[in-house]
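Below you'll find the structure I mean.
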Amino acid sequence: MSDQIRDALEERIISGALAPGDRLIELSLAKEFATSQAPVREAIKELESRRLVESIPYRGAHVREISSREMEEAYDVRGSLEQLAGELAGSAFRGNVAELHAIVADLTAAATVGDAEGYSKHNFAFHRAIVSGAGNETLLNAWEALGFEMRVRINIARNQNPELVARAAEHVPIIDALDRGEGALAGRLLREHAMSCKERWRNRSLPSELPSADQNVADVPASCLS
């Protein structure tokens, strides 16, 4: 039950149905999901571990603000970690990329039908396979601490034109480089991929949302200028 509640609240947070600052009241949620407060409390704790929710003493649990700066910094760190992972994993994947091809096939299928959740899941599996293949446990732990899958879901949800099929295609050259055992090239491509994700996050507003030439910036909502 706690998993169902967690997933439902997570979806609301990512979609924006629950906005930053909104309070999560255990009693109200328990009534909504027809359960006791225990699974609600457990679900909220899991959302805290994913850094989607924060608890403040005497104020309870609230939806956490995920700032643009935090997202961009996370992509910077991810790019550096994955570049190292690609370099280290080159020899392990040389002539041994069938698993990566299978994951990208699933990734592309999800992208084709616009399945953002499926895309995020397969995308996570692809990158984790490479980081894991690097054979460095400390590197893997640092990478997992970034909450990569969740950040991808947030990026897609808040990007008005995610172009998932094009994103899926970006993974193929990485596989080709690993197949040839070219770890340095694979690492560079992984870093470039992370930076392109960062740039898409930065430019997530539609052109129509941006100030026109004859519009005073002061008249534009702050959300369009972030």
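Can you pull out the residues in the stretch 16-64 that are under 22 Å from GLY147 (Cα atoms), in contact (Cβ under 8 Å) with a residue 12 or more places away in the chain and open to solvent by 80 Å² or more (accessible area, probe 1.4 Å)?
Within the stretch 16-64, ARG41, GLU42, ARG50, ARG51 meet the criteria.
Let me ask you something else. Can you report the number of residues in the stretch 104-126 which are open to solvent by 10 Å² or more (accessible area, probe 1.4 Å) and hydroxyl-bearing (Ser, Thr, Tyr)?
2
Restricting the search to the stretch 141-157, which residues are polar (S, T, N, Q) and at pLDDT 85 or above? Walk me through how you get there before you give the answer.
Going through the stretch 141-157, the residues polar (S, T, N, Q) turn out to be 141, 155.
Within the stretch 141-157, ASN141 is the sole residue that qualifies.
Next up: Are any residues in the stretch 127-173 outside any helix (DSSP H, G or I) and either crowded, with 17+ Cβ neighbours inside 10 Å or not acidic (Asp, Glu) (or both), and if so, which ones?
Step one: filter the stretch 127-173 for residues outside any helix (DSSP H, G or I), giving 134-136, 145-147, 159-163, 170-171.
ALA134, GLY135, ASN136, ALA145, LEU146, GLY147, ASN159, GLN160, ASN161, PRO162, HIS171, listed by residue number.
Regarding GLU65, is this residue among the acidic types (Asp, Glu) and outside any helix (DSSP H, G or I)?
Numbers: among the acidic types (Asp, Glu): yes; outside any helix (DSSP H, G or I): yes.
Judged against the criteria, GLU65 is a match.
Consider the stretch 85-103. How many of its residues are in a helix (DSSP H, G or I) and either over 14 Å from ARG188 (Cβ atoms) or open to solvent by 70 Å² or more (accessible area, probe 1.4 Å) (or both)? If you could, list the steps in order and put the result at the bottom.
Step one: filter the stretch 85-103 for residues in a helix (DSSP H, G or I), giving 85-93, 98-103.
Checking the rest, the ones that are also either over 14 Å from ARG188 (Cβ atoms) or open to solvent by 70 Å² or more (accessible area, probe 1.4 Å) (or both) come to 87-88, 91-93, 98-103.
Number satisfying all stated conditions: 11.
The values are calculated or read from the model by the stated rules, or taken from the named source; none is laboratory data. Worth saying up front: this structure is predicted, and the values here are computed from it rather than measured. Please note: Cβ atoms are built from the backbone with ideal geometry, for glycine as well, and neighbour counts cover all protein chains shown. To get the accessible areas, we keep the full protein, side chains included, count just its heavy atoms, and leave off ligands, DNA and RNA. Shrake-Rupley method; radii C 1.70, N 1.55, O 1.52, S 1.80 Å.
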